[in-house]
Amino acid sequence: MLRTLKELFGSLFDPQATTPPDAHTLELATAVLLVEVMRAEAGIGATERAAALRALQAKFALSADEVQTLLAHAEGVAQDATDFHQFTTLLNQRLDDAAKLRVVEAMWAVAFADGELAAHERHVLWRVADLLHVKHADSMAAKLRAQAAAGRTEL
């Protein structure tokens, strides 16, 4: 499923890379963004982790074990990351607008998973949606869909 961690990191962070990112690198970039939503609050809760796993399994054709491995790798990468730009750049290179919106909606689903939407989570979502060039209205519609799916009705 995943190449070695070293190869993934090399392809993810090599600014001189001439080949486009492969599916595994895109999976890792997406997973890191989901982790960043989880990390926006103090402590990663089980419900947020489960929501991230569900989102990754729904988005990518991966087994449960592969999704667990992917999320574990993403958590390590997220701890060392200094910004979102390196991940959003990869996604911008390969994803169309609809796919980028699905990433943002998955991030909203993770944010709402614990029943609360923290200010830091909102900030991460706003920042990533902006870097992915997702229109504000589309991001807000994705937020409302994720909010409704989580059973939350208040804004």
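Measuring how big segment 70-130 is from its alpha-carbon positions, Rg and Dmax come out at 12.2, 33 Å.
Coupling constants for segment 95-110 follow from the phi torsions by the Karplus curve (6.51 cos²θ - 1.76 cosθ + 1.60, θ = phi - 60°), and in residue order they are 9, 7, 4, 5, 5, 5, 5, 5, 5, 4, 5, 5, 5, 4, 4, 5 Hz; glycine and proline get x. Sorting 140, 107 by the number of Cβ atoms found within 10 Å of their own Cβ, with the fewest placed first, yields 140, 107.
Every read-out reported here was derived from the displayed coordinates using simple, explicitly stated rules and does not represent laboratory data. Computed from a predicted structure; not experimentally measured. Heads up, the Cβs are rebuilt from the backbone with ideal geometry, glycines too, and the neighbour counts pull from every protein chain shown.
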